Amino acid sequence: MVDLAIVGAGPIGIETAILAKRAGLDYRLIEKGCIVNAIAGYPTYMTFFTTSERLEVGGHPLVTATDKPTRKEALDYYRKVVHNEALTLTPFTEVTAVERQPEVFAVHTRGLTAGNAGEDVVRARIVALATGYFDNPNRLGIPGEDLPNVSHYYTEAHPFYGRRVAIVGAGSSAADAALDLYRGGARVTLVHRGSEFRHSLKYWVRPNLENRVKEGSIAVHFDTVVREILPERLILESAGERFTLPADHTFLLTGYFASPSLLRSAGVGLDEETLAARLDPETFETDVPGLFVVGSAGFGTRTSDVFIENGIVHARRAMSAIVARLRGVASLA
């Protein structure tokens, strides 16, 4: 039995664990992958668009070469924070369900390594979900989506020098990937179902991308949908007409969503359209008493509402309510 089970060891889960430890709670931090697993999956040479101090957790300064940290600097930072805080972490362990029982939660887990295989149950008085959304890409549901030459995650440009690369999407991730691939010598084509680039496209990226399109360095097909992906080409449709786009590799950068599976297993009420959890906007407690959701984990498809910066604020508010409740129970006992 622990006071608090925290699911997810991203920046927001780490902040939650730090606050739990400093409050003297018996907690357990459970992570399906490695520390800050989502950031580890970001493009290799990515630079954050927010400044260093807004990514800091536990009061630890994030010292970087410039005002905005790189992926590598962020990974180094969060590893050192976990180490210096000596957090109780169980990595490479997937939480498969959260079951509400009388006065306790049963958190069902499954080990994902050879030395940690098998199922287990952690019993906790309170649960905080900080699972994010990066593990769940928005799938197109078309033939060929799972081919080896298709990916929902961008890495780096170097392997694609001289190759034909299609990018499906028109947001910031797609734009960043297109420009990086162009600079790396790939032949890039963007495909987007809308009539223009997304309004959320970063303002400092838009002019560069639009200029590359105007000069013909990057091709783009607007008002176009993908019907099928084949090993060396895509079948596209625009204005009712189908045509072929040659491509050696396809990046489906169509966004991600927070999975509702753990929320549903615990009986949390969801908005059926957005999959967002019903929760208290001040404490981030769901309509299942004792189950809190911090960061984007409870926002379903509304992923643009939450970033690391305001997710950290969620963690602090939730932990304030959690600590007060557990201390109140202890004093009454």
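The values are calculated or read from the model by the stated rules, or taken from the named source; none is laboratory data. Since the structure is predicted, the reported quantities are computational estimates derived from the model, not experimental observations. Cβ placement follows ideal geometry from the backbone for every residue including glycine, while neighbour counts extend to all protein chains displayed.
Condition test on residue 131, is it of a type in the set (Ser, Thr, Tyr), in the same structural domain as residue 288 (by TED's automatic domain parsing) and part of a loop (DSSP other than H, G, I, E, B)?
Answer is yes for this residue.
When the residues of the stretch 91-119 are narrowed to those that are under 19 Å from residue 13 (Cβ atoms) and over 22 Å from the mean Cα position of the chain (by Cα), which ends up surrounded by the fewest Cβ atoms within 10 Å (Cβ to Cβ)?
Once the filter is applied, the top-ranked residue is 116.
Scan the stretch 51-66 and give yes if some residue there is under 21 Å from residue 320 (Cα atoms), touching a Gly at 6+ places or on another chain (Cβ under 9 Å) and acidic (Asp, Glu), otherwise no.
no
May I ask you to say which residue of 73, 99, 53, 103 is free of Cβ contacts under 8 Å to residues at least 24 places away in the same chain, over 24 Å from residue 306 (Cβ atoms) and not small (Gly, Ala, Ser)?
Just a single option satisfies the conditions, and that option is 103.
For every residue, the table says whether it meets (1) in the same structural domain as residue 266 (by TED's automatic domain parsing); (2) in a helix (DSSP H, G or I); (3) surrounded by 22 or more Cβ atoms within 10 Å (Cβ to Cβ).
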site: 13; (1), (2), (3): yes, yes, yes
site: 21; (1), (2), (3): yes, yes, no
site: 25; (1), (2), (3): yes, no, no
site: 33; (1), (2), (3): yes, no, no
site: 45; (1), (2), (3): yes, no, no
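Does residue 74 fit the bill of being under 30 Å from residue 203 (Cα atoms) and either among the aliphatic types (A, V, I, L, M) or out of contact with any helix residue (DSSP H, G or I) (no Cβ under 7 Å at 6 or more places or on another chain) (or both)?
Answer is yes for this residue.
Just the residues that are polar (S, T, N, Q) and in a helix (DSSP H, G or I), please, taken from the stretch 283-333.
Correct list: 296, 303, 304, 310, 320, 331.
Going by the conditions given, is residue 67 assigned to a loop (DSSP other than H, G, I, E, B) and at pLDDT below 95?
Yes, satisfied.
Give the residue that is nearest to residue 261 (Cα to Cα), with candidates limited to residues of the stretch 164-190 that are in a loop (DSSP other than H, G, I, E, B) and out of contact with any helix residue (DSSP H, G or I) (no Cβ under 9 Å at 6 or more places or on another chain).
171
Any chance you could count how many residues in the stretch 298-315 are touching a strand residue (DSSP E or B) at 6+ places or on another chain (Cβ under 8 Å) and among the β-branched types (Val, Ile, Thr)?
Count: 1.
Please work out which one of (1) buried (at least 20 other Cβ atoms within 10 Å of the Cβ); (2) over 27 Å from residue 34 (Cβ atoms) is the condition residue 130 fails and give its number.
Unmet condition: (2).
For the stretch 209-246, enumerate the residues that are of a type in the set (Phe, Trp, Tyr) and not in a loop (DSSP other than H, G, I, E, B).
243
Which members of the stretch 191-240 meet the condition of being over 28 Å from residue 303 (Cα atoms) and touching a Pro at 6+ places or on another chain (Cβ under 6 Å)?
233
Results for (1) under 17 Å from the mean Cα position of the chain (by Cα); (2) outside any helix (DSSP H, G or I); (3) not small (Gly, Ala, Ser), shown as yes or no for each residue.
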site: 254; (1), (2), (3): yes, yes, yes
site: 264; (1), (2), (3): no, no, yes
site: 273; (1), (2), (3): no, yes, yes
site: 281; (1), (2), (3): no, yes, yes
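Determine which member of the set 294, 306 is closer than 29 Å to residue 181 by Cβ, assigned by TED's automatic domain parsing to the domain that holds residue 39 and crowded, with 20+ Cβ neighbours inside 10 Å.
That would be 306, the only listed residue that is closer than 29 Å to residue 181 by Cβ, assigned by TED's automatic domain parsing to the domain that holds residue 39 and crowded, with 20+ Cβ neighbours inside 10 Å.
Which one is surrounded by the most Cβ atoms within 10 Å (Cβ to Cβ) among residues in the stretch 212-267 that are closer than 30 Å to residue 8 by Cα and aromatic (Phe, Trp, Tyr)?
Per the criteria, the residue is 251.
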